[in-house]
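Have a look at this one.
Each value in this text was obtained by applying a stated rule to the coordinates, not by laboratory testing. Remember, it's a predicted structure, so these values are computed and weren't measured experimentally. Neighbour counts run over all protein chains shown; Cβ positions are idealised from the backbone, glycine included.
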Amino acid sequence: MTDALLKVYDVEEAQRTILRRTPPDEFAISESVQAGIRAIFGQDLSPDEAVRRVIADVRARGDDALLEWTERIDGVKLESLAVPREAIQAAYDAVPDEVVEALRLAAGRIEAFHRQQPLTSWLDDGPQGVLGQLVRPMERVGVYVPGGTAPLPSSLLMSVIPATVAGVAEVVVCTPPGRPTGGVPPVILVAADVAGVESVYVLGGAQAIAAMAYGTASVPRVDKIVGPGNLFVTLAKRQVYGTVGIDGLPGPTETMVIADENADPSLAAADLLAQAEHDVLASAILLTPSRALADEVSREVARRLETLSRAEVIAESLAGRGGAVITADLDQAFELANDYAAEHLCLLLAEPWRWLGRVRHAGGVFLGESSFEVLGDYVAGPSHVMPTSGTARFASPLNVLDFVKWVSVIGLEPETARELSRSAATLARAEALTAHAAAAEARVDGGKNS
């Protein structure tokens, strides 16, 4: 590796390259992905069309389609989809005690954080009648837990616990089969048990999303699907949206670090490396007015990389989507950060609280060197399922509000209704909706005798 692993950019060059957002519907399709589609479907299809075929087949054939697609895509032949309860309990024997305790600690902190979020029905009972809102939880939610190159029990906790705090009656978890046995990694099963999940299914990819959206003999239909996944999972969520709710269309993970000349370059480098470790498409970007700091961080990144198990992934991520940007000052750094709207925004500043008010768009803000992003990944408390691809401009981290609905309540007194009906009828006639107008005027005229 070289000292130039973390390239240093000026602002103009960065805006043309690493700070330039690609629209989230413009998915980059690698040759390996295209080859995989050819191998599975026997012809060239776009990922979107491949997903459409899987969803249609699951809707038509249910469990039989799920088992067949699992064998074709994952290379695993399953006898059944549901994980038996005894297998979940037996998973504790395969997971070290310290991992179980860490999962319980994380679960407790995630629950405590989300119980602080207010969910309050209200009814205003005045002389004109009653107006208000009722908060009602969803009945059943599906959580997708990706498999990929490593099991992610933290993602299960971060998705399931806000739902249970919101009062969701049933949470269904789908996660891809591991190879070669086709089982679910024990740490995922333990996390599910810690989070109170009763139903876990060995099911991944677009077929899992289709099963949860439409239901099969084995997998119940849900009201909303949440959780990150690969390209095919994301496309499937987009296709079933409207039949069920979704939390969003997550893209590759990203961290933006704003640092001043007082920042510790070794800590800044550690945080960037931790982010780049996720995926070759992950983004790890440093914004700083200090060229000296940027150079030190770049050297530290190169030095530390040699010791890391996913060095090749990190190197490709940093080469393609990472870097350090030299800004005129911290004000410009925050302007760039708000325009980028990162999933994670880390403030390695001498006075981070002084700058918090400047943050307009970010999934999460991490204040100071002791509040680093990896703590947010696991044990801080807020869900680490956060908006990516610039969607932090309008979207929020997963939270209890994602799992409830608001029901409006209208109970007006007759006299108030008569008074308001005149205006309602006027507006209805302005919209050429004469039946609407007549319904309102019937109240003005006294109802049944009009």
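Hey, can you grab everything whose amide H is under 5 Å from the amide H of Val172? Only 5+ residues off in sequence or another chain; H modelled, so Pro and N-termini drop out.
Residues meeting the amide H criterion: Val141, Gly142, Val143.
Need one number: % antiparallel among DSSP beta bridges in the stretch 85-246, to the nearest 5.
Of the beta bridges lying entirely in the stretch 85-246, close to 25 percent run antiparallel.
Let me ask you something else. Taking only the alpha-carbon atoms of the stretch 308-450, what semi-axes of the equivalent ellipsoid follow from 5 times the gyration tensor eigenvalues under a square root, in whole Å, largest first?
55, 18, 16
What do you get for chymotrypsin sites (Phe, Trp or Tyr not before Pro) in the stretch 364-446 restricted to DSSP loop and a cutoff of at most 14 other Cβ within 10 Å of the site's Cβ?
Hits after loop and neighbour filter: Phe394.
Show that you can apply the helix-only estimate: for the chain, add -39,500 (n - 2.57) for every DSSP H stretch of four or more residues, divide by all residues, and state [θ] at 222 nm to the nearest 500.
My calculation for the chain gives -13000 deg cm²/dmol from helical runs alone.
Considering only C-alpha atoms, what is the centroid distance from the stretch 339-356 to the stretch 20-94, in Å?
For the stretch 339-356 versus the stretch 20-94, the Cα centre distance is 38 Å.
How high is the relative contact order of the chain? Use alpha-carbon pairs under 8 Å, at least six apart in sequence, and give a whole percent.
It comes to 20 percent, rounded to a whole number.
The list (i) 21; (ii) 48; (iii) 39 gives values of percent of Cα pairs over 36 Å apart, and only one came from this structure; which label was calculated from it?
Label of the calculated value: (iii).
Listing Ser32, Ser383, Ser218 from the residue with the fewest other Cβ atoms within 10 Å to the one with the most, what is the order?
Ser32, Ser218, Ser383
Per 10 Å bin, what percent of the C-alpha pairs of the stretch 85-246 does each bin hold, from zero upward?
The distribution over the stretch 85-246 is 10, 36, 32, 14, 5, 2, 0, given as percents.
Just for the chain, what percent of DSSP beta bridges are antiparallel, to the closest 5?
Percentage antiparallel, nearest 5: 30.
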